[in-house]
Structure formats: structure tokens, C-alpha cells
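S.K.: I'd like to ask you about the structure that follows.
Bear in mind these aren't lab numbers, they're just calculated from the coordinates by the rules spelled out. Since this is a predicted model, take the numbers as computed values, not measurements. Here the Cβ positions follow ideal geometry from the backbone for every residue, glycine too, while neighbour counts run over all protein chains shown.
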Amino acid sequence: MTINLEYPLTSRNLRPNGTVVDIGRVKVGITELVVMAGPCSVESAEQILRIAREIKVAGATILRGGAFKPRTSPYDFQGLGKTGLEYLRAASCDTGLRIITEVIDPRDVELVAKYADCLQIGSRNMQNYPLLSEVGRSSKPVLLKRGLSATYKEFLLAAEYIMVEGNEQVILCERGIRGLSNELRFTLDLSVVPYLKEKTHLPVIVDPSHGTGNARLVPAMSRAAIACGADGIIVETHYSPKDSISDAIQTISTAELAQLIKELEAVAKAVGQRIPLPLVK
Ligand code: PEP
Ligand code: MN
């Protein structure tokens, strides 16, 4: 086997069959399709519990929700912090759903890892090298989101930063880049999915919520993501999207998620993947 000197750890030729990342027994990669859903931000214990219950019925297996929020304005809601993590954990205990949540500060990695089943590195931190190294030393899987204007090479090298510290459980996430459109928040670059599938053994998922910034486009782009080979989606979902504290415009309802998952099942079948059944506690 020839070692790829540029990408010694992420390169596909190391594991031609691909890697399966295990998020508390929810498998991501190869043939199983994962749906991660939940609000942009954890807002209250009641909000996250109700969303968790509804997304579970819809067919999702991983609950997302930000407790530490990287907001563009320092005057916007910054998340509930540790309290938000506690609410997430309570919702997980109730439903059996696994938890993914963002960590934005290397000093919080240990704390977030205590509550989360998967650590999310947000777009704005894709090149925060001390943070990448710190999650690389964690035993929890990591979801690495592509930077707002990162090249494919920068994206893969950011994954190398995590893996070189010993953490091989990395999932890549395309979440849209800065494009020319004034109408959409970001431009979802789906070409990166088949590109990465060829280049790396790591699972690749898509975030159509931040990728478009528009809830009405989320179902179509989710179906397209699965059709082009993504291992799953992460989608902002709320029982009452308009009442979301953050990212209301791009958030779909839990009823829309249920409909979307049915459609994804048909697409997944057509491209040889399947949606795992929701975990029982
Ligand atoms: C998020 O998923 O909550 C988020 C902030 O996403 P991104 O880092 O892709 O902007
Ligand atoms: Mn958001």
C-alpha cells in the first residue's frame, strides 16, 4: 500500500472500504444512513425534551442542539452553556437518542465530552488548531464542519489535525460555503461529497439547514445529499420553527422532518443505503 504523504491518516487508500464511526452504538458510514436533528440552540429543558421525543418518532437517532453557540454578534444569545448540556443529557435519558453538541473552546472539551456522545466543531472553528488538537485527544467521536470558505484540502488537513492526536472517529460535514447568491445564506457544495468519498475513508454528512439558510429548500437538498452519496444529514428542527431563538428561518418542523425521513428512505434504497431503526432505550 502506498501512503499518501499529504493525507497520511485520512486517505482512502488506508481503508478502501471506509470507516464506520460509532456514536454510542449509532453507526455512521458505509451502509447506514444517519439523521441528526434538533434545534439550533438548546433553549429550555421542556423545549429540548419535546423536540427529542418528536424527532425520535419521526425516525432520527441523534439529537443536535447548541449549548455553546458561536454567534456572529456578541449581543446575540450565546447558549445556555453547562445548563444546556444537562438538558441535552436529560432528553437523551428520556428518549435513548444520542447527543451531538458543539464545543467552541479547548478549555471546555472535557466538560462537553462528559455530556455529549459526539463533539461538533463548527465552521468558524475548522481552523482553530488548538481546539482540533484538544478534541483529537478526546475519546468521543468528532463531527468536523467545513469552514465557510475552506478548500477541500484545508478541510481534509483539519481532519488530519484531529486524527494525528489519536482520535480516528471523525465525521466530515459539508454545511455550505460563501457563494455569489444574495438570496441564500450559503451555497451548499454537494460536489464535495463524492470528491471526499473518493479521497478519504471518513464518513461524510451534509447540513442542508446552514447550507441554504432557508427551510423550504431543506427537503430537496437533503434528498440530493443522500443521492450523491452522503452518509446522513444534520438538520435544524423544532416543533415551532418560528419560535426558535436562533436560525428560525432555516429550521423545519418536526412534522416536516417525519415526511422528509420517509422520502430519504426511498432515496437511500435507490442508492443502496438504509436508515437504521430508532434505538430503543
Ligand atoms: C450549528 O450547527 O449550530 C452551527 C453553528 O453550524 P455552523 O458551524 O455550520 O455554522
Ligand atoms: Mn444554527
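S.K.: Taking interchain pairs and intrachain pairs at least six residues apart, which have beta carbon atoms under 9 angstrom, with the first residue in the range 229-251 and on the phi < 0 side of the Ramachandran plot and more than 15 Å from ligand 2 (Cβ to nearest atom) and the second assigned to a loop (DSSP other than H, G, I, E, B) and of a type in the set (A, V, I, L, M, F, W, C)?
M.R.: Ala230/Leu33; Ala230/Leu190; Asp231/Ile30; Asp231/Leu33
S.K.: Next up: Which residues, counting only those in the range 246-277, are surrounded by fewer than 20 Cβ atoms within 10 Å (Cβ to Cβ) and hydroxyl-bearing (Ser, Thr, Tyr)?
M.R.: Ser246, Ser253
S.K.: Answer yes or no: is there a residue in the range 258-265 that is within 16 Å of ligand 1 (Cβ to nearest atom) and in contact (Cβ under 8 Å) with a residue 24 or more places away in the chain.
M.R.: Within the range 258-265 (the criterion being within 16 Å of ligand 1 (Cβ to nearest atom) and in contact (Cβ under 8 Å) with a residue 24 or more places away in the chain), the answer is no, since none of the residues qualifies.
S.K.: So which residues in the range 51-104 are away from ligand 1 (no atom under 16 Å from the Cβ), of a type outside the set (Asp, Glu) and over 30 Å from Arg274 (Cα atoms)?
M.R.: The answer is Tyr75, Lys82, Thr83.
S.K.: Answer yes or no as to whether Asp189 is of a type in the set (Asp, Glu), within 26 Å of Glu54 (Cβ to Cβ) and either surrounded by fewer than 17 Cβ atoms within 10 Å (Cβ to Cβ) or out of contact with any Pro (no Cβ under 8 Å at 6 or more places or on another chain) (or both). Outline the logic, then answer.
M.R.: Numbers: of a type in the set (Asp, Glu): yes; within 26 Å of Glu54 (Cβ to Cβ): no; either surrounded by fewer than 17 Cβ atoms within 10 Å (Cβ to Cβ) or out of contact with any Pro (no Cβ under 8 Å at 6 or more places or on another chain) (or both): yes.
Spelling it out, it is not the case that Asp189 is of a type in the set (Asp, Glu), within 26 Å of Glu54 (Cβ to Cβ) and either surrounded by fewer than 17 Cβ atoms within 10 Å (Cβ to Cβ) or out of contact with any Pro (no Cβ under 8 Å at 6 or more places or on another chain) (or both).
S.K.: Answer yes or no: is there a residue in the range 141-150 that is in contact with a Lys or Arg (Cβ under 8 Å, 6 or more places away or on another chain), among the small types (Gly, Ala, Ser), farther than 26 Å from Leu260 by Cα and surrounded by 15 or more Cβ atoms within 10 Å (Cβ to Cβ).
M.R.: As a first pass, look at the range 141-150 and keep what is in contact with a Lys or Arg (Cβ under 8 Å, 6 or more places away or on another chain): 145-149.
Checking which are among the small types (Gly, Ala, Ser) leaves us with 147, 149.
Remaining after also requiring farther than 26 Å from Leu260 by Cα: 147, 149.
Within this subset, residues satisfying the condition of being surrounded by 15 or more Cβ atoms within 10 Å (Cβ to Cβ) are 147.
Taking every residue of the range 141-150 in turn, at least one turns out to be in contact with a Lys or Arg (Cβ under 8 Å, 6 or more places away or on another chain), among the small types (Gly, Ala, Ser), farther than 26 Å from Leu260 by Cα and surrounded by 15 or more Cβ atoms within 10 Å (Cβ to Cβ).
S.K.: Within the range 198-226, restricting attention to residues that are in contact (Cβ under 8 Å) with a residue 40 or more places away in the chain and basic (Lys, Arg), which residue is nearest to Asp22 (Cα to Cα)?
M.R.: Checked the range 198-226; the qualifying residue nearest to Asp22 (Cα to Cα) is Lys199.
S.K.: Mind checking which residues of the range 223-281 are in a helix (DSSP H, G or I), within 16 Å of Gln47 (Cβ to Cβ) and acidic (Asp, Glu)?
M.R.: Listed by number, the list holds a single entry, Asp243.
S.K.: Here's another thing I want to ask about it. Please pick out the residue among Val170, Val218 that is under 26 Å from Val26 (Cα atoms) and either under 13 Å from the mean Cα position of the chain (by Cα) or surrounded by fewer than 20 Cβ atoms within 10 Å (Cβ to Cβ) (or both).
M.R.: Selected residue: Val170, the only one of Val170, Val218 that is under 26 Å from Val26 (Cα atoms) and either under 13 Å from the mean Cα position of the chain (by Cα) or surrounded by fewer than 20 Cβ atoms within 10 Å (Cβ to Cβ) (or both).
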